[in-house]
Amino acid sequence: MPFPARHPVGVRRAVRAVAGYPPSVEDVRRVVVQAGYDRMAREYLDYIAAIEGDPRLRFLAELQNRLRPGSTVLDLGCGAGEPCTRLLAQEHDVVGVDISDGQLRLAQEMASHARFVQADLAHFQVLPETLDAVTAFYSLTHVPRDEHARVLLDVATWLKPGGLLLLTLSARGETDGMQDDFIGVPMYFSSYGPDTNRVLLDRAGFELLIDKVVEMHEPGGQSSFQWVLAQRKALQSERV
């Protein structure tokens, strides 16, 4: 697998070059997500540590094996930065994005080599073709599903030709609504099932390199997620 091509614009410069990225909390769904993760920031770290069979490090290794050291990486919904943002920042030029100030305060402690931006990942912009990779661990499911297609198209635009996307998607069918108690706070979740996810990724211009549904045991019970490692397809003009 060839490495994504390098580019002289680092991820920090690419993010700085785009004006206006405050968190967008214009509806109750975003308010719930932001407030919820602020309230249970440290509890979420304990929750992650208690998950049995979480495959995130295995799939992170699949991404890392395809990246050159010093690659430009954007982590969407980075949370407290532990463990993935921290591990990525040990080898790469990383910016983490999260809507929660509470999570980002922890991330600055946990992953001091990364830079962080508070923003709504669904309304965030980066200069085109400036990133080697984008990651989104368990975060897109907090974005209204009718925005998923646009977010994936945006990500494809930010990636260099051959750039990589590693993300977690729902594997339990369609859902859209509030959960009363997620680690002690209300939380909003929204998703499609795996078949629709694949269609959206294809339409956004991605080729699936890995597409696996993995079950794991969270403190609240059994769950399953669709793990995808995808590569931005070359446009017709880029093949010539």
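Values in this text are rule-based calculations from the coordinates and carry no lab data. Just so it is clear, the model here is predicted, and its values are computed rather than measured. A quick note on method: Cβ atoms are made from the backbone with ideal geometry, for glycine too, and the neighbour counts reach across all protein chains shown.
Things worth noting here:
- Value of relative contact order over the chain, rounded to a whole percent, pairs C-alpha under 8 Å and six or more apart: 22
- DSSP loop GluC sites (Glu not before Pro) with at most 15 other Cβ within 10 Å excluded, longest remaining stretch of the chain: 92-173
- Of all DSSP beta bridges in the range 116-210, antiparallel share, percent nearest 5: 55
- Relative intensity of the range 117-237 on a log10 scale, I(q)/I(0) at q = 0.17, 0.18 Å⁻¹, equals -0.87, -0.96, per a Debye sum over C-alpha point scatterers of equal strength in the absence of solvent.
- Low-density loop cleavage sites - trypsin sites (Lys or Arg not before Pro) in the range 142-225, where at most 16 other Cβ are within 10 Å (DSSP): 172
- Three-way shape call for the range 79-183 based on the alpha-carbon gyration tensor, with the a/c threshold at 1.5: oblate
- Coordinate range along principal axes, alpha carbons of the range 11-239, Å, largest first: 50, 36, 34
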